[in-house]
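The values are calculated or read from the model by the stated rules, or taken from the named source; none is laboratory data. Only a predicted model underlies this, so the values are computations on that prediction, with no experimental measurement involved. Positions of Cβ are backbone-derived with ideal geometry, glycine not excepted, and every protein chain shown enters the neighbour counts.
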């Protein structure tokens, strides 16, 4: 597979170079697709550096020049390679789950947070009576540290 | 040496088993001798694994190609640094390395707590030895690094060329230290459950052992990004690849635990949740390793794959079932000890922090495993690529950023409406100011605007915390303002060190936001030609080809100008590694604080004309800077204070938590 890939790469490096650089319009479409050469691990087709991706971008360029729309081109890619060529799962059918689940988890999570807060609010255990002014944090810590220091000093001097 | 290594591994299996059983029986029967013996078993295990690791290093450095691992992951031409790094460059060696680090953690925990946490420690040893037992078993029966070939080849294959990068010598050890270290907080949680010492003792004991791997993991993640940025040549540092996700997930869970632990320490709430988070964090480390090592999910940097999947999945299932079973059986003793006084309180803020961190964790996990689920249930292969993760995680990340700033504005217990208005005023002004500022500078991207405004918000909130604290010290202790600031940082390391880490997060988010302004362009040049990109001009000077023992190098030389100022020579190249027949791109970067000019040599033809790809990455250096600040902030937070040292000394003299009969026998 790898040898085959390099053969293609070498074969392609000439023609790829002689052609002009990839246009922004091509990148625009290619960023929704991935490279499926097998070696690049589904790198974005817009940025993949391999020869296979370069040749697909050339095809894509020709398609755009021929006046085909973005959707037509993408549909044709899906027909040729299957939905795996799309960079994100299509938001339809089973794959809709990919998009819904994170949102559902967040909603479920906030519901859980709410119920935990409510149960804490109803807890029968009364909080200890400490004055809670804005700086109680600081004061409390400082007081605690002073006491600790005194006690440790006493312990050390023993 | 190799025989010694293998033999040590065999003995290590015995030592691990012994440490586990002796500690367990010793703890159940309250038999101090057995407990101590179990601890020594763990130390012996560490020593034996050290011998095994030394044996493998010796084999690598002496080029003993009869050892399969050495032949597959090193060769004579490799620089010594990479020969040393080859220990973790392949599957079997990296698992041995992982195991070794695990046991070092175990040994250090034992040596630090010889007289402390006596009810917990035997079970902590059980947890650590249990993991050690699993990995040693795996090293012997699933991933033996000492397997011999029937013949000794003249030379080895070498390390995967993509891994031959200085960062790779340090990135995997950091990541492993992060993942493996999560075994310690997990073991403390397990110990709390098992010993029924269910108060905050385990959290106090484990806090530093959570911070240490958390810092390693965070640093490892960012260094991995740095490596990807320099070596993979696609202009980015984070691609939501399964391997990256696998190490991000435990980091997110550990971050959640660091925050929720504070509620329990202060209020005695969230006990079950904290125990569960400690289990989940370690579980995610094992799951991540399983996912990337078993090859069930494709990945760019899964350099080590084999059939060890079933070992890991079995271990993971046992670990989760046992821990959660234990948690379930103790649920009655884990009731909240306090009542929530107001919804407008720090408690609520921490809960929301956990909600959003876990939400992000789920989104990452879901996106990572979804292709697998989809293929299993529908038979159709699909891709869940970076655009998915970005679309889902950017909004979540922005909420997280908001909460980073809002949380500290709420007081514990309750915050009055008046003080809320007062607390929010400065941060909101800072947010509005930042938003307006970047709008005037020409930022139009919605997410970027939101992200930068929120960075202003968090910045305002943290500055206010520091300002108030410093003023309070100025008033109460009669210190100067600067002394007051230093006093805050050094007297309350945990709180203000934590804020430093929050500042690091702001810097990181600024760096992430820079991604929105990336400019990329592809061009073909003949020698002598120039092209302008933004306000830069590059002139292609020449192409050169050279060879060394390992590889062929094709490099292009270009001069980079900004206006008329010559900035430097760029030397993008590609390397072809013969033994792997693999090509790697070597990018060349001109870096300034504002942005990177990142140039890739895509290809060249016979007449020396060459195709280049350039990325201009604004603010990307904020990511590395933020990473540095993150490490400094967490080091500051975990650095022992005078109080810690004296408490430790105290603990050495009074034996805490032991039944009287046992403390007498010490």
message = Quick test for you: out of B:82, B:117, B:18, pick the one residue that is assigned to a helix (DSSP H, G or I) and at pLDDT below 95.
response = B:82
query = Would segment A:30-37 turn up any residue that is in a helix (DSSP H, G or I) and at pLDDT 50 or above?
reply = yes
ask   = Do we find that residue B:389 is touching a helix residue (DSSP H, G or I) at 6+ places or on another chain (Cβ under 7 Å), surrounded by 20 or more Cβ atoms within 10 Å (Cβ to Cβ), farther than 23 Å from residue B:500 by Cα and touching a residue at least 40 places away in the same chain (Cβ under 8 Å) in this structure?
value = yes
query = Out of curiosity, is residue B:568 modelled with pLDDT of 90 or more and within 30 Å of residue B:209 (Cβ to Cβ)?
reply = no
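Listed here are the residues, each with its yes/no results for (1) under 12 Å from the mean Cα position of the chain (by Cα); (2) within 14 Å of chain A (Cβ to nearest Cβ).
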{"residue": "B:195", "(1), (2)": "no, no"}
{"residue": "B:206", "(1), (2)": "no, no"}
{"residue": "B:209", "(1), (2)": "no, no"}
{"residue": "B:235", "(1), (2)": "no, yes"}
{"residue": "B:243", "(1), (2)": "yes, yes"}
{"residue": "B:255", "(1), (2)": "yes, no"}
request  = For segment B:348-357, indicate whether the set of residues that are within 7 Å of another protein chain (Cβ to nearest Cβ), surrounded by fewer than 23 Cβ atoms within 10 Å (Cβ to Cβ) and in contact (Cβ under 8 Å) with a residue 60 or more places away in the chain is non-empty.
outcome  = yes
task = Mind listing whichever residues of segment B:406-432 are in contact (Cβ under 8 Å) with a residue 24 or more places away in the chain, away from every other protein chain (no Cβ under 11 Å) and either crowded, with 16+ Cβ neighbours inside 10 Å or assigned to a loop (DSSP other than H, G, I, E, B) (or both)?
result = B:406, B:407, B:409, B:410, B:426, B:427, B:428, B:430, B:431
query = Of the residues B:329, B:342, which is within 25 Å of residue B:413 (Cα to Cα) and out of contact with any helix residue (DSSP H, G or I) (no Cβ under 7 Å at 6 or more places or on another chain)?
reply = B:342
inquiry  = Against the definition (assigned to a strand (DSSP E or B), away from chain A (no Cβ under 12 Å), buried (at least 20 other Cβ atoms within 10 Å of the Cβ) and in contact (Cβ under 8 Å) with a residue 12 or more places away in the chain), how does residue B:558 come out, yes or no?
reply    = yes
Filter result for residue B:593 (part of a loop (DSSP other than H, G, I, E, B) and away from chain A (no Cβ under 14 Å)) = yes
task = Quick one: count up the residues across segment B:596-623 that are closer than 18 Å to residue B:522 by Cα, within 10 Å of another protein chain (Cβ to nearest Cβ) and not in a strand (DSSP E or B).
result = 2
inquiry  = Residue under question is residue A:89, and the condition is that it be at the interface with chain B (Cβ under 8 Å from one of its Cβ atoms), modelled with pLDDT under 90 and farther than 30 Å from residue B:379 by Cα; does it hold?
reply    = no
ask   = From the list B:361, B:398, which one is within 11 Å of chain A (Cβ to nearest Cβ), in a helix (DSSP H, G or I) and under 29 Å from residue B:277 (Cα atoms)?
value = B:361
